[in-house]
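Below you'll find the structure, written out as structure tokens, and then a few comments.
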Amino acid sequence: MRRPVLKIFMEKPEIYSCCLPIDYREMEEMETFHLLGEREKVGSLLRRIKREYGDKIEVELIDPRNVLYFFEIFKYKIRAKEIAWVLDNKAIFRGIPSWDELRAALDQAIAVVSSV
């Protein structure tokens, strides 16, 4: 059975955006990362999704600077330094939604998939 797909477009700190070895003793960038607070809020929501939905929802975290997603970024008009939530190919939130808003959207997506 197909699962709803939730894509979260959110910039990652530079230390996580490359393929080169990183000296993780220097974590200054993470401390000054402009989306640190939002990143923590997204993490909290992701933990709730995992607890409530298990494997009923497929979640992808995507750095919008990843060129492999260029067409999706253009399609959903994702701006730099913006967090965007796309559920089953439809942009549903910009920024951080409340848990109630997110849960309602996920429940609706699961109901649609289950009815097919």
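The values are calculated or read from the model by the stated rules, or taken from the named source; none is laboratory data. Bear in mind that the values here come from a model prediction, so they are computed numbers and not experimental data. Note: accessible area is taken over every heavy atom of the protein model, side chains too, but ligands, DNA and RNA are not part of it. Shrake-Rupley method; radii C 1.70, N 1.55, O 1.52, S 1.80 Å.
Hey, if we sort 1, 10 by accessible area with the 1.4 Å probe, largest down, what's the order? Walk me through the numbers before you get to the answer.
Details: 1 195, 10 15 Å².
Ranking 1, 10 by accessible area, largest first, yields 1, 10.
Any chance you could tell me what percent of the C-alpha pair distances in the range 48-99 go past 19 Å?
30
Could you please put 55, 107 in sequence from largest to smallest accessible area, using a 1.4 Å probe? Let's see the in-between values first.
Numbers: 55 110, 107 75 Å².
Most to least solvent-accessible, the answer reads 55, 107.
Just to make sure I understand: if all protein chains stay in place, what is the order of 67, 42, 116 by accessible area at 1.4 Å, largest first?
I get 116, 67, 42, largest accessible area first.
Taking 22 Å as the cut-off for C-alpha to C-alpha distance, list the pairs among 7/56; 41/81; 56/77; 12/56 that go past it.
Numbers: 7/56 14 Å; 41/81 15 Å; 56/77 27 Å; 12/56 25 Å.
Result: 56/77; 12/56 exceed 22 Å.
Sequence-distant or interchain residues sharing an amide H contact under 5 Å with residue 92, placed H: which?
Distant-sequence amide H within range of residue 92: 85, 86, 87.
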